[in-house]
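Heads up, the thing below is written out as C-alpha cells.
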Amino acid sequence: MRVAVTGSSGLIGSALLRELASAGHDVRRLVRRRPGAPDEVQWDPAAHSIPADALDGVDAVVHLAGVGIADHRLTEDHKRAVLDSRIDGTTTIADAVARTDPLPVLLSASAVGWYGDSGARVVDESAPAGSGFLAQVCESWEGATSVARQAGARVLLLRSGLVLARKGGMLERMRPLFRAGLSGRLGSGKQYWPWISLADEVGAMRFLIESATDVAGPVNLAGPTPVTNAEFTATLGRILHRPTTLPVPRFALRAVLGEFADEGVLAGQRAVPTVLLGAGYEYAHDTLDAALRWAID
C-alpha cells in the first residue's frame with residue numbers, strides 16, 4: 001500500500017514511518033519545507049495549499065501535524081496557534097482527500113482530551129465531547145475532517161492518550177525527576193491517565209489501515225487498562241526503584257505550567273479502547289507495567 005503521512009518528523013510520525021516500512025508499505029511524506037528526498041511532497045497548511053496530485057495513488061493518509069499543546073504555556077497566542085494549526089492542516093488534508101479518486105482512507109489525529117475531565121466515569125468512543133479548551137480544540141479538529149466524510153471517504157479520528165516512548169514525550173520529562181527522587185502523585189492523583197505504548201500507538205494505526213477496513217469514526221488509542229495518576233506514579237517509581245512519597249501540589253503545577261496544568265495534568269479521562277478491541281487488535285503491551293518496562297528498557 002501507499003501511505004501519505006503528515007507530521008512524519010515527530011515522535012509518533014517517525015515511529016509510524018518505521019512501522020510502515022517494516023511492513024513493506026510505500027510512504028509519501030508531506031513536509032512544509034522544501035523537499036529533500038524523492039518521497040517528500042511540499043505542502044503549506046497555513047495557506048491551505050497542497051499540490052493537486054499530492055495524494056495520487058495513495059491508499060491511506062495519516063494526518064499527525066499540528067503545533068504541540070504542551071510546548072509552551074497556554075497563552076492566548078499559543079491557544080490560537082494550537083487551534084489554527086489543527087484546523088488549517090486538517091481542512092487542507094480533508095479537502096485533498098475529497099478530491100482524490102479513488103478516495104483514500106483518512107486517519108486524522110485527535111486526543112482523549114475530547115472527553116474533557118471525565119473523572120472516574122468510563123468513557124468510550126460513544127461519549128460526547130467534554131468542556132474546556134482542550135475538548136473544544138478536539139471537537140473543532142475532528143470537525144475539520146467533515147468534507148472528506150461527506151465525499152464518502154472512510155475517516156478515522158485517532159483519540160490518543162499519553163504515549164509512552166523510549167525517547168521523547170512526557171515520560172522523557174518525568175524520568176530525570178524520578179531518578180533524582182523528585183517524584184510523587186500530581187495533585188490528588190485521582191485523575192485518570194489513559195496511556196499507550198508508542199509500539200501500540202503505531203501498531204494500531206497500521207492495523208486500522210491494513211485489517212480493520214470496516215472501522216470508521218472515533219477510535220481511542222489507549223491501553224485497555226487505564227490507571228489513575230497515583231497508580232501511574234507508583235508503577236513508574238517501582239520500575240525505576242525510586243520512592244514516590246512526595247506529592248506535587250496543585251498550586252505548584254499551576255505555577256509552572258499555568259492553565260495547561262488544570263486540563264492537561266490535573267484533569268483526566270478514564271478512556272477505554274472499545275472500538276479497537278472490538279475490531280480484534282491485540283496489544284503488544286496491555287498493562288501499564290509492560291508498557292513502561294518496554295519504554296524504559
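Every read-out reported here was derived from the displayed coordinates using simple, explicitly stated rules and does not represent laboratory data. Not measured: the values here are computed from a predicted model. Ideal geometry is used to build each Cβ from the backbone, glycine not excepted, and the neighbour counts take in all protein chains shown.
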Cα convex hull of the stretch 49-111: how many Å³ per residue? 79 Å³
The size of the Cβ-based charge dipole (Lys, Arg +1; Asp, Glu -1) of the chain about the Cα centre, to the nearest 20 debye, is 1080 debye
Amide N of the stretch 45-68 lying under 17 Å from the label point, which is placed 7 angstrom from the Cα of SER146 along Cα→Cβ: none
For the stretch 103-191, size of Cβ-based charge dipole, Lys and Arg +1, Asp and Glu -1, in debye: 500 debye
Given +1 on the Cβ of Lys and Arg, -1 on the Cβ of Asp and Glu, and no further charges, what dipole in debye does the stretch 159-297 carry about its Cα centre, rounded to the nearest 20? 680 debye
The base-10 log of I(q)/I(0) that the Debye equation returns for the stretch 181-223 at q = 0.19, 0.26, 0.31 Å⁻¹, one scatterer per C-alpha, is -0.69, -0.95, -1.10
ALA21-ARG250 pseudo-label distance in nm [points 7 Å out on the Cα-to-Cβ vector]: 4.7 nm
Assuming R0 = 25 Å, what is the FRET efficiency of ILE239 and SER126, from their Cβ-Cβ distance, to the nearest 0.05? 0.15
Could you give the semi-axes, largest first, of the ellipsoid that matches the stretch 87-141, computed as the square roots of 5 times the alpha carbon gyration tensor eigenvalues and rounded to whole Å? 28, 13, 6
FRET efficiency (MET170, ALA47; Cβ distance; R0 45 Å; to 0.05) is 0.90
As a test of understanding, state the convex hull volume per residue of the stretch 201-267 from its alpha carbons, in Å³. 136 Å³
If every alpha-carbon in the stretch 19-153 counts as one equal scatterer, what log10 I(q)/I(0) does Debye give at q = 0.14, 0.19 1/Å? -0.72, -1.16
D (Stokes-Einstein, µm²/s), Kirkwood Cα radius, the stretch 164-297, 0.692 mPa s at 37 °C: 209 µm²/s
If I take the Cα coordinates of the stretch 1-91 and project them onto the principal axes, what are the three extents in Å, biggest first? 43, 27, 22
Taking loop as defined by DSSP and a crowding limit of 12 other beta carbons within 10 Å, which trypsin sites (Lys or Arg not before Pro) in the stretch 77-179 fit? ARG121, LYS167
With bins 5 Å wide starting at 0, give me the P(r) of the chain over every alpha carbon pair, in whole percents. 1, 5, 12, 16, 19, 17, 13, 9, 5, 2, 1, 0
antiparallel share of DSSP beta bridges within the chain, to nearest 5, in %, is 10 percent
ALA290-GLU259 FRET efficiency (beta carbon distance; Förster radius 30 Å; 0.05 resolution): 0.35
With springs only between Cα atoms under 10 Å apart, run a GNM on the chain and tell me which of GLU19, GLU76, GLU210 wobbles the most. GLU76
From DSSP H assignment alone, runs of 4+ in the chain each adding -39500 (n - 2.57), the sum over residues rounded to the nearest 500 puts [θ] at 222 nm at -11000 deg cm²/dmol
In nanometres, the difference between 0.36 nm per residue of separation and the alpha-carbon distance of SER188 and HIS72 is 39.4 nm
Cα centroid distance between the stretch 131-176 and the stretch 232-297, in Å? 17 Å
Among LEU162, VAL147, ALA47, pick out the residue whose Cα is farthest towards the positive end of the charge dipole of the chain, where Lys and Arg carry +1 and Asp and Glu carry -1 on C-beta, about the Cα centre. LEU162
